[in-house]
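S.K.: My questions will all concern the structure given below.
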There are 2 protein chains.
Amino acid sequence: MSDRRTAILEAAATVIARRGVRGLRVEELAVEAGVSKALIYYHFEDRTGLLRRTLTFVNNRAERYTAEQSAVDATTDPGAATGAAPTSGPLRQLEQALLLELQDLPHVRENSTAWGELRASAVFDPELRGELALASVIWVREVADQLGEVRPTAPESALVASAERLTALLEGLSARWLSGILPLTDARTRMREAIGVEVAHLAGHTADRSADGTPTSPNKLD
Amino acid sequence: MSDRRTAILEAAATVIARRGVRGLRVEELAVEAGVSKALIYYHFEDRTGLLRRTLTFVNNRAERYTAEQSAVDATTDPGAATGAAPTSGPLRQLEQALLLELQDLPHVRENSTAWGELRASAVFDPELRGELALASVIWVREVADQLGEVRPTAPESALVASAERLTALLEGLSARWLSGILPLTDARTRMREAIGVEVAHLAGHTADRSADGTPTSPNKLD
């Protein structure tokens, strides 16, 4: 991806976080990105093309800072080095990945605000829905995989259902935090509790196992 | 409240659900409501005043159709008459109240779309936050009370935390449904499961009871 194309997408996220999608003017975006209006149209064709790419860009950026922080935690966490408390590893990773979106850091706040705005716009703009649906499916899949590491015997459908609830809850809590009606610490506490509640719920799905822990129904050949 | 004032608020909800808050033009609103622009300014002073009143109006309307449906259910539900399965009463009421917001009926879709838009606008418009915060507090309180009827021994703080999660989840699921990326039946299923998961979680808080079911800690006099 060219540097100037990236600069335009970064500027689009900034302007959307500042004024909302409907406050996005190509003139202001050009100034913010330090490029000409013509270059914006050259790269993105039209406003809808720009919004679609910005949605994917914002989503990828959230994944990137989540992944980077997980890598940092893995190298600095003493528990990870000693191998103590093995079951807490994947649960801690899941909590960290979801709680990273609820942080009062300028880039997190900007990214979450832009993401919330693009999501809200998709209600009125069906052309954004393809990107939004794809980003959501990928995110739900990742969270379901992380839940699966915490609860390896829970069935796939239960993992996906829990992941759909946790990600939708995070969007709901994030919107309340960003609109100033829920303090950040409360949003983080509610999210952490929700992860605990869902993980406990998924434990119930491991009941159909034999006493030695071998799953009785999955991998059945008949 | 005067008929014409109500007509303006109903028209504002309709126009916001059609074009979003930033698509709301006073000219279009005046045509939709069948009044003059001057009358709109007479009743609401300015755009912010109009949006604040519309937020409260949309919220009250959601409460009203929830309450009306509960009354209908109470008179038509054969289980309620026989008194069978007493514990299912408050749980069923809670489910119905929350699931009423996830229905493909024109007035529910319009009200939910307008509510989502006004919420999203509050991220950029601090003047809307007072009304939004008040509406949210009242809603959380109502859901916490309903949860308290299902789980009478759960502590207040746990009821409020569960109510905050359920209402934030409903907003997240509703946004996904309205933007067309989550089918309505899936949204309803996830919501119903979440209620079950939270109610099971709250049951854990009833553990500090004596064997005969008498609470040991609440109502203590020492």
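Every read-out reported here was derived from the displayed coordinates using simple, explicitly stated rules and does not represent laboratory data. All figures in this text were calculated on a predicted structure; none of them were measured in a lab. Glycine also receives a Cβ, built like all others from the backbone with ideal geometry; neighbour counts cover every protein chain displayed.
S.K.: If I stretch the segment between A:H107 and A:A200 completely, what's the gain in nm (0.36 nm per residue apart, minus their alpha carbon distance), one decimal?
M.R.: Residue separation times 0.36 nm, minus the Cα-Cα distance, leaves 30.2 nm.
S.K.: With r defined as the distance between the Cβ atoms of A:T185 and A:R64 and R0 fixed at 30 Å, what FRET efficiency is calculated, to the nearest 0.05?
M.R.: 0.75
S.K.: Still on this structure, I have one more. One decimal, nm, shortest first: give the distances between the label point of B:G130 and those of the same position in the other copies, each label point 7 Å from Cα along Cα→Cβ.
M.R.: Result for B:G130, in nm, nearest copy first: 4.6.
S.K.: Here is a further query. Say R0 is 35 Å: what FRET efficiency, to the nearest 0.05, do B:R25 and A:V26 get from their beta-carbon distance? Each step should come with its number before you reach the end.
M.R.: Details: r = 21 Å, r/R0 = 0.61.
Once the sixth-power term is evaluated, E becomes 0.95.
S.K.: Here's another thing I want to ask about it. Using a 7 Å offset from Cα along the direction of the beta-carbon, what are the separations from B:A203 to the same position in each other copy, nm, ascending?
M.R.: So the label point of B:A203 gives 1.4 nm to the other copies.
S.K.: Near B:R165, within a Cβ-to-Cβ distance under 10 Å, what is the net charge of the other residues, with Lys and Arg +1 and Asp and Glu -1?
M.R.: So the surrounding residues net to -1.
S.K.: Would you please put B:113-120, A:4-11 in order of how densely packed they are, using the mean number of other Cβ atoms within 10 angstrom per residue and starting with the highest?
M.R.: Per-residue mean Cβ counts within 10 Å order the peptides as B:113-120, A:4-11.
S.K.: R0 = 51 Å: FRET efficiency of B:T6 with A:D46, Cβ-based, nearest 0.05?
M.R.: 0.80
S.K.: By how many nm would the segment from B:S157 to B:R18 grow when fully extended, if each residue of separation counts as 0.36 nm and the alpha-carbon distance is taken off?
M.R.: Contour length minus Cα-Cα distance gives 46.2 nm.
S.K.: How would you order A:182-188, A:48-54, B:53-59, A:25-31 from highest to lowest mean count of nearby Cβ atoms within 10 Å?
M.R.: Ranking the peptides A:182-188, A:48-54, B:53-59, A:25-31 by packing returns B:53-59, A:48-54, A:182-188, A:25-31.
S.K.: In nm, one decimal, shortest first: how far is the label point of A:A7 (7 Å from Cα along Cα to beta carbon) from the matching points in the other copies?
M.R.: Copy-to-copy label distances at A:A7, shortest first: 5.5 nm.
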